[in-house]
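Shown next, in structure tokens, is the structure this report addresses.
The values are calculated or read from the model by the stated rules, or taken from the named source; none is laboratory data. Worth saying up front: this structure is predicted, and the values here are computed from it rather than measured. When we count neighbours, we look across all protein chains shown, and the Cβ atoms used for this are built from the backbone with ideal geometry, even at glycine.
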């Protein structure tokens with residue numbers, strides 16, 4: 001069951017990142033209006049992503065207390081959410097700063113998850 005859930009989690013990561021990039025570039029930068037499904041789908045995907053992550057952690061016996069990398073990954077997830085909101089809601093320099101920081105947080109999250117290290121670089 002763990003390998004299947006891990007594959008689902010990876011697919012959801014790809015979907016989540018794709019929707020973030022799509023929404024930023026086509027909605028915020030180009031000012032194109034998105035359909036309701038493109039506004040709702042990321043929330044559904046991110047909820048499933050978070051749920052699958054919890055399931056993986058429980059199956060593997062990881063917790064923020066016994067796996068420091070997981071604690072850092074969860075903190076980076078909070079940064080990603082905050083900066084992602086900035087990227088989607090603000091304009092000008094704050095929009096670009098939010099996008100840059102959200103993208104950096106995602107790179108850190110992926111590196112931390114694959115390396116199982118709080119300092120993967």
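Examine the range 31-42 for a residue that is closer than 21 Å to residue 9 by Cβ and touching a helix residue (DSSP H, G or I) at 6+ places or on another chain (Cβ under 7 Å), and state whether such a residue exists.
The answer is yes, given that some residue of the range 31-42 is closer than 21 Å to residue 9 by Cβ and touching a helix residue (DSSP H, G or I) at 6+ places or on another chain (Cβ under 7 Å).
Any idea how many residues of the range 17-41 are over 21 Å from residue 97 (Cβ atoms) and either assigned by TED's automatic domain parsing to the domain that holds residue 102 or surrounded by 12 or more Cβ atoms within 10 Å (Cβ to Cβ) (or both)?
5
Among the residues of the range 84-100, write down those that are buried (at least 17 other Cβ atoms within 10 Å of the Cβ) and at pLDDT 95 or above.
Hits for the range 84-100 are 98, 99.
Restricting attention to the range 50-60, does a residue exist that is crowded, with 18+ Cβ neighbours inside 10 Å, closer than 18 Å to residue 117 by Cα and either in contact with a strand residue (DSSP E or B) (Cβ under 8 Å, 6 or more places away or on another chain) or not assigned by TED's automatic domain parsing to the domain that holds residue 101 (or both)?
The answer is yes, given that some residue of the range 50-60 is crowded, with 18+ Cβ neighbours inside 10 Å, closer than 18 Å to residue 117 by Cα and either in contact with a strand residue (DSSP E or B) (Cβ under 8 Å, 6 or more places away or on another chain) or not assigned by TED's automatic domain parsing to the domain that holds residue 101 (or both).
Run down 118, 57, 107, 113 and say which single residue is within 17 Å of the chain's Cα centre (by Cα) and free of Cβ contacts under 8 Å to residues at least 12 places away in the same chain.
Only one candidate passes the filter, namely 107.
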